[in-house]
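Here is the structure we will look at.
The values are calculated or read from the model by the stated rules, or taken from the named source; none is laboratory data. Since the structure is predicted, the reported quantities are computational estimates derived from the model, not experimental observations. Because the Cβ atoms are built from the backbone with ideal geometry, glycine has one as well, and the counts that use them run over all protein chains shown. Note: areas computed on protein heavy atoms with side chains; ligands, DNA, RNA excluded. Shrake-Rupley method; radii C 1.70, N 1.55, O 1.52, S 1.80 Å.
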Amino acid sequence: MTFPALPTREGDRPQTGPEVPHLQLSQTSPAQVRGELLQWMAAALPGTAWGRSKVSAPSSRALFLDGATCARGAVLMPPRGDEEFAHVHADGSLHLALDPAHHAAFLSSGWGEKHPLYDHGINVVMLYAPRDQAELAVAKKVIGASYTYATGRTPAPDVAAA
């Protein structure tokens, strides 16, 4: 699978915290956009279940593989590395596991940054919070790439946010 082409992100990069928990401090998602993102993730990513993140702030919502095995070779979030592949923060930003072959394309796109523990072997990047519908569409592409990496499957097609 190739990483999806992403449009240029408008504006400056948001401010983020330098340490764990790694949160976005500016340019956060409006409540409606964050709600639509969560609804889309629940509908478009079969074989997953919501739960409390094992590595993020208590206000985060995490997606876990629900009884499915992790795709061969995929390294997801600690501590286990084979169940939690993404979580959404209260600010609308996400941390997710991506195929390491896609890291350079993602990071150069301007849509996110490395997690503070990235250089210590943690396969986690931050996807900046979508601020509007156009950015929500981009977020879905990146989350879809994470889901495919974690499961070996593609997201459900044409699932609209309710």
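How many of the residues in segment 129-155 are more than 16 Å from S93 (Cβ to Cβ) and outside any helix (DSSP H, G or I)?
4
Kindly check whether there is at least one residue in segment 34-45 that is touching a helix residue (DSSP H, G or I) at 6+ places or on another chain (Cβ under 9 Å), among the polar types (S, T, N, Q) and more than 22 Å from H115 (Cα to Cα).
Within segment 34-45 (the criterion being touching a helix residue (DSSP H, G or I) at 6+ places or on another chain (Cβ under 9 Å), among the polar types (S, T, N, Q) and more than 22 Å from H115 (Cα to Cα)), the answer is no, since none of the residues qualifies.
Residue-wise test of (1) out of contact with any Lys or Arg (no Cβ under 6 Å at 6 or more places or on another chain); (2) open to solvent by 40 Å² or more (accessible area, probe 1.4 Å); (3) farther than 24 Å from E135 by Cβ.
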| position | (1), (2), (3) |
| --- | --- |
| P18 | yes, yes, no |
| Q39 | yes, yes, no |
| L65 | yes, no, yes |
| A86 | yes, no, no |
| A90 | yes, yes, no |
| S93 | yes, no, no |
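Of everything in segment 136-153 that's out of contact with any helix residue (DSSP H, G or I) (no Cβ under 8 Å at 6 or more places or on another chain) and either basic (K, R) or more than 21 Å from A49 (Cα to Cα) (or both), which residue is surrounded by the fewest Cβ atoms within 10 Å (Cβ to Cβ)?
Selected residue: A137.
Going by what's in this entry, would A150 be described as of a type outside the set (S, T, N, Q), modelled with pLDDT of 95 or more and touching a Cys at 6+ places or on another chain (Cβ under 9 Å)?
Yes.
Based on what the data block shows, is D82 without any contact (Cβ under 8 Å) to a residue 40 or more places away in the chain and of a type in the set (D, E, K, R)?
It is true that D82 is without any contact (Cβ under 8 Å) to a residue 40 or more places away in the chain and of a type in the set (D, E, K, R).
Counting only residues that are modelled with pLDDT of 95 or more and assigned to a loop (DSSP other than H, G, I, E, B), how many does segment 96-109 have?
Within segment 96-109, residues that are modelled with pLDDT of 95 or more and assigned to a loop (DSSP other than H, G, I, E, B) number 3.
Would you call S59 open to solvent by 20 Å² or more (accessible area, probe 1.4 Å), modelled with pLDDT under 95, small (G, A, S) and within 20 Å of G17 (Cα to Cα)?
yes
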